[in-house]
Amino acid sequence: MKRHLLFLVFLCSLNLISAQVFDVETLKLSGSKDKRINLVIISEGYQSSELNQFITDASKVSNDMFLESPFSEYADYFNVFAIKVPSNESGADHPGTSTDPLESTISPAVPIQTVDTYFNATYDSFGFHRLLYYEIDGANANNTEAKIMMVLADNLPEYDAVVLLVNSDEYGGSGGNFAMSYSGFYAPDVAMHEMAHSLFSLIDEYFPIDETLAVEGINMTQETDPNLVKWKNWIGIDGVGIYQHEDDDGNPKPWYRPHQSCKMRRVDWDFCAVCKEGMIEKIHDLVSPIEAFTPNNITVNNPTLPLDVELTLIKPIPNTLTSQWTLNGSNFANDVDDISLTSTDLTEGTNTLTVVVHDDSSLLKVDNHDMSSHVYTVTWTINYSSLGIEDIQSERADYSISLYPNPVSSILNLKVEGANTEELKVDILSLEGKTIKKFRISNVSGERVIVDDLSQGIYLINFYANNALIDSKEFVKQ
Ligand SMILES: [Zn+2]
């Protein structure tokens with residue numbers, strides 16, 4: 001995976017900064033960088049002589065992270081790299097200008113100090129002692145972020161997520177564009193919490209002191225109706241409910257969180273089910289579970305029979321991927337990574353083979369939900385004659401399908417996103433299997449389906465590409 005470094009291109013064109021190449025160590029290699037989420041841990045406040053300690057600290061962050069859900073289940077979707085950037089002095093600035101009490105119960109206070117470090121990390125940012133950030137007030141944050149991006153561009157341009165690991169035993173961290181963590185006991189937890197902000201767009205589940213930071217998000221809302229709240233599929237499961245926020249003085253606020261003990265509230269707790277689901281959705285946005293497939297040439301001439309067709313999948317642990325193989329509109333095989341086609345399977349003329357891969361993890365409850373579900377497909381078009389296979393063309397397509405609102409009273413909105421998506425055939429069926437409506441949907445415009453005429457009840461909606469069923473959802477007509 002790769003981010004666009006447009007800002008960087010602009011900077012380079014001005015010749016402001018020359019390339020700086022540092023040692024990069026691979027801490028975890030699951031696969032090719034363009035097919036994984038690349039987490040980059042960068043040292044801050046470590047002198048050259050301390051860079052071995054940095055690798056020890058970064059390895060602990062990486063190792064502990066992949067023991068915790070949902071990183072543990074999706075460990076093979078991540079690579080982790082450490083960039084060894086030396087600083088002239090150790091630690092982080094501590095101006096002593098914050099007014100909140102020190103976190104002295106969980107870590108020792110560092111003395112008031114100013115140290116010369118590469119990214120100028122400092123405690124007391126924005127007036128909060130434990131807010132460890134690369135600028136005291138954000139006034140020059142753009143400059144530091146440009147510096148971080150230069151280090152990334154020169155050393156690991158394929159990055160997806162960044163943690164600046166600061167050589168300090170004193171508790172602190174921040175989750176801006178680049179996550180930051182101290183290097184002490186809770187470093188893996190702080191790194192996960194802050195990365196959950198910067199990579200997964202999760203919100204703190206404690207109430208922010210700055211109320212303008214209270215916004216709608218995956219794990220924060222003002223909606224109190226359990227039938228409408230965005231995590232409605234989880235209500236009553238694993239402690240998920242609708243819990244009202246209070247400020248530090250115990251005053252109730254018109255904002256709600258899904259759980260009472262989530263890592264987004266306190267770093268030493270686990271992520272709640274709603275946050276895990278949001279993180280997995282983002283993982284699926286970034287990485288297709290179909291790493292490769294064969295045959296994969298655009299045109300393959302005269303392959304011999306039997307024809308072996310194979311997927312290479314990036315599997316969660318335990319494997320929750322399902323696969324459905326459809327040949328010429330009929331189910332051919334389920335939940336296998338490879339199939340073999342013989343002459344009796346093929347008809348003369350054009351044959352269409354499609355495999356549809358879903359993640360069926362119990363950590364996802366996105367069906368019937370306004371969140372999108374991800375569908376990954378490969379379609380092979382096989383031209384076959386009495387002489388054998390003439391050619392095979394293959395094409396992959398990733399779809400993200402969403403449906404809202406649900407329950408619906410009059411207009412159901414359908415949206416299909418993804419590259420290479422063509423028109424999908426859509427059927428609405430009763431639970432008994434009777435087809436009620438049929439239509440087509442393209443990925444460009446989406447579709448507003450009038451359902452005024454349906455009687456109240458539960459319906460199935462099926463999506464087909466190349467005559468293969470790629471997704472099926474339920475919705476409730478009110
Ligand atoms: Zn949560």
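Assorted remarks:
- Residue selected from segment 221-241 under the condition in a helix (DSSP H, G or I) and not basic (Lys, Arg), by the criterion farthest from Val366 (Cα to Cα): Trp234
- Qualifying residues in segment 34-69 (those that are free of Cβ contacts under 8 Å to residues at least 12 places away in the same chain and within 25 Å of Asn120 (Cβ to Cβ)) - the one nearest to the chain's Cα centre (by Cα): Thr56
- Residue match in segment 292-301 (condition: within 16 Å of the ligand (Cβ to nearest atom) and either free of Cβ contacts under 8 Å to residues at least 24 places away in the same chain or not aliphatic (A, V, I, L, M) (or both)): no
- The residues of segment 431-453 that are more than 10 Å from Leu414 (Cα to Cα), part of a strand (DSSP E or B) and touching a residue at least 24 places away in the same chain (Cβ under 8 Å) amount to a single one, Ile450.
- Restricting attention to segment 268-286 and to residues that are crowded, with 19+ Cβ neighbours inside 10 Å and in a loop (DSSP other than H, G, I, E, B), the residue that is nearest to the ligand (Cβ to nearest atom) turns out to be Cys272.
- Breaking point among (1) more than 30 Å from Ala75 (Cα to Cα); (2) out of contact with any strand residue (DSSP E or B) (no Cβ under 8 Å at 6 or more places or on another chain), for Tyr186: (1)
- The residues on offer are Asp345, Asp335, Asp367, and the sole one that is modelled with pLDDT under 95, touching a strand residue (DSSP E or B) at 6+ places or on another chain (Cβ under 8 Å) and among the acidic types (Asp, Glu) is Asp367.
- Test set (1) of a type outside the set (Phe, Trp, Tyr); (2) outside any loop (DSSP other than H, G, I, E, B); (3) in contact with a Gly (Cβ under 9 Å, 6 or more places away or on another chain) - Ala146 fails condition number: (3)
- Residue within segment 78-86 that is at pLDDT 95 or above and assigned to a loop (DSSP other than H, G, I, E, B) present: yes
Residues checked against (1) crowded, with 16+ Cβ neighbours inside 10 Å; (2) modelled with pLDDT of 90 or more; (3) not in a loop (DSSP other than H, G, I, E, B):
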site	(1), (2), (3)
Ile401	yes, no, yes
Asn406	yes, no, no
Val426	yes, yes, yes
Leu429	yes, yes, yes
Leu460	yes, yes, yes
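- Failed condition for Pro226, given (1) more than 16 Å from the ligand (Cβ to nearest atom); (2) buried (at least 22 other Cβ atoms within 10 Å of the Cβ): (2)
- Complete set of residues in segment 250-267 that are more than 10 Å from the ligand (Cβ to nearest atom) and under 17 Å from Gly175 (Cα atoms): Arg266, Val267
- Any hit, segment 322-335, residues being farther than 21 Å from Val375 by Cβ, in a loop (DSSP other than H, G, I, E, B) and either outside the structural domain of Ile37 (by TED's automatic domain parsing) or hydroxyl-bearing (Ser, Thr, Tyr) (or both): no
- Filter result for Asp169 (surrounded by fewer than 20 Cβ atoms within 10 Å (Cβ to Cβ), assigned by TED's automatic domain parsing to the domain that holds Val24, in contact (Cβ under 8 Å) with a residue 40 or more places away in the chain and not in a loop (DSSP other than H, G, I, E, B)): no
- Only one of the listed residues (Ile283, Ile314) is within 25 Å of Ser373 (Cβ to Cβ), in contact (Cβ under 8 Å) with a residue 24 or more places away in the chain and either assigned by TED's automatic domain parsing to the domain that holds Ile235 or within 14 Å of the chain's Cα centre (by Cα) (or both). That residue is Ile283.
- Being part of a loop (DSSP other than H, G, I, E, B) and surrounded by fewer than 20 Cβ atoms within 10 Å (Cβ to Cβ) is a property that does not hold for Gly91.
The values are calculated or read from the model by the stated rules, or taken from the named source; none is laboratory data. Everything quoted here is computed from the prediction, not taken from an experiment. A quick note on method: Cβ atoms are made from the backbone with ideal geometry, for glycine too, and the neighbour counts reach across all protein chains shown.
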